[in-house]
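The values are calculated or read from the model by the stated rules, or taken from the named source; none is laboratory data. All values reported here derive from a predicted model rather than from experimental measurement. Here the Cβ positions follow ideal geometry from the backbone for every residue, glycine too, while neighbour counts run over all protein chains shown.
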Amino acid sequence: MKRRKPIKQVSSKQAIIKYCDKLLFEILKIKRGDKCEVCGRPNAAPHHVFFKGEYPRLRFREDNIIMLCWIPCHFALHHHTHDHPHYKRSYAKIKELLGCNFYDKLKIANKCAPMMSIFQLQLVRMALKQELKELEG
């Protein structure tokens, strides 16, 4: 008899976070287009400048997200050294789009923002749903 994998349980907080991510990415596609903001290739995906896992308080900030194609732009930021040409190009474009002091601005925002409770996440979800509705309508 084959062993089944147990069904992965997702907490209600994780479910709301996942749904908010999806809503925010749809909003960004409408606002910024479905192209890489660095090189212009189609089918871009969101990239958090300050990673979600390390900086969960910045997860839903639009100024912490840039739309990137997977290769070479997104890949370069995760897997190349700082002196690699693709990394330099991607980072320079992020700096151009978000402003020269984006790093310090986001660091300060991370210190000021509270960790979100389920209630606060539900408010974020409602706000994102409303924004998406307005953009689509």
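Structural remarks
- In region 116-137, the residues that are in contact (Cβ under 8 Å) with a residue 40 or more places away in the chain reach residues that are assigned to a loop (DSSP other than H, G, I, E, B) with C-beta atoms within less than 8 angstrom, at least six apart or across chains, in these pairs: Val124/Phe60; Val124/Met116; Leu128/Phe60.
- Residues satisfying the stated conditions in region 98-117, i.e. among the aliphatic types (A, V, I, L, M), assigned to a helix (DSSP H, G or I) and over 12 Å from Asp63 (Cα atoms): Ile108
- Total residues in region 42-56, condition buried (at least 18 other Cβ atoms within 10 Å of the Cβ) and either within 12 Å of Lys107 (Cα to Cα) or acidic (Asp, Glu) (or both): 3
- Residue in region 101-109 that is more than 18 Å from Asp21 (Cα to Cα), of a type in the set (A, V, I, L, M, F, W, C) and free of Cβ contacts under 8 Å to residues at least 40 places away in the same chain present: yes
- Taken together, the criteria exclude Cys73 from residues that are at pLDDT below 90, surrounded by 15 or more Cβ atoms within 10 Å (Cβ to Cβ) and not in a helix (DSSP H, G or I).
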